[in-house]
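Worksheet: one structure, shown below.
The values are calculated or read from the model by the stated rules, or taken from the named source; none is laboratory data. All values reported here derive from a predicted model rather than from experimental measurement. Here the Cβ is made from the backbone with ideal geometry for all residues, glycine too, and neighbour counts use every protein chain on show. Surface accessibility is based on the protein's heavy atoms, side chains included, excluding ligands, DNA and RNA. Shrake-Rupley method; radii C 1.70, N 1.55, O 1.52, S 1.80 Å.
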Amino acid sequence: ADVEDHRLVVAGVKLMHRPALRDFARSRELLEEAERRAPRSAEIHAWLGKWHILSVFNGWSTDVPWDTQHALDRTARALDISPDNAFCLTIDGFAHNNLLRRLDIAGKRYQAALDANPNESLSWLLRGALHTFCDQGSLAVESVDKARTLSPIDPFGHYYDALSAGAHLTNGGYLQALELADAPRRDGAR
């Protein structure tokens, strides 16, 4: 009760991206407390949606259909609250891409996010990954390069490096892909 609302969200997001299941589970508790305090915060619903996506993606879900549906419910709730929120659109696209393999819907969400905020680096990054999946190398590189330009010192830089490596690989930039894939190891990231 004595923790500020925004600190709950920041701590929850930080724990969500750690490799330990214990931290991941704790992140949900923090985000759900933040939701209880601010039930009309679209971003909190989007973060909870991402939590369910990562639960499935990381292989920690004990009920994949349930987590998939909850991810979609959370992102839909976020968009009900704030339909033009670039972050919420991005996470909804991430859900459709990673959980349902609905690349068409994901692409539309990423584009809507960029229409709402052309500086949404995560949307540029995930759009690049989508182009990578579709074997559209030049578009993939263009998108990930834009994401990296918009967020050059992102705390999740290793994620940007990994998706950028895939984009360059798809585009035939093998040396650049290798350099990006090795960057987290060179920089001491875990």
For segment 30-50, which positions are in contact (Cβ under 8 Å) with a residue 24 or more places away in the chain, farther than 23 Å from Thr68 by Cβ and in a helix (DSSP H, G or I)? Glu33, Arg37
In segment 170-179, which residues are part of a helix (DSSP H, G or I) and either in contact (Cβ under 8 Å) with a residue 24 or more places away in the chain or under 15 Å from Lys146 (Cβ atoms) (or both)? Thr170
Looking at (1) over 28 Å from Asn119 (Cα atoms); (2) at pLDDT 95 or above; (3) surrounded by fewer than 17 Cβ atoms within 10 Å (Cβ to Cβ), can you tell me which one Ala1 breaks? (2)
Among the residues listed as Gly173, Gly188, the single one being surrounded by fewer than 22 Cβ atoms within 10 Å (Cβ to Cβ) and modelled with pLDDT of 95 or more: Gly173
Tell me, please, whether a residue that is at pLDDT 95 or above and under 20 Å from Pro118 (Cα atoms) can be found in segment 33-45. yes
Tell me, which residue of segment 137-159 that is modelled with pLDDT of 95 or more and under 14 Å from the mean Cα position of the chain (by Cα) is farthest from Glu120 (Cα to Cα)? Val144
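This table checks each residue for (1) closer than 21 Å to Asn97 by Cβ; (2) open to solvent by less than 70 Å² (accessible area, probe 1.4 Å); (3) hydroxyl-bearing (Ser, Thr, Tyr); (4) in contact with a Cys (Cβ under 6 Å, 6 or more places away or on another chain).
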| site | (1), (2), (3), (4) |
| --- | --- |
| Arg22 | no, no, no, no |
| Ala25 | no, yes, no, no |
| Leu30 | no, yes, no, no |
| Ala38 | no, yes, no, no |
| Ile44 | no, yes, no, no |
| Leu48 | yes, yes, no, no |
| His70 | yes, yes, no, no |
| Arg74 | yes, yes, no, no |
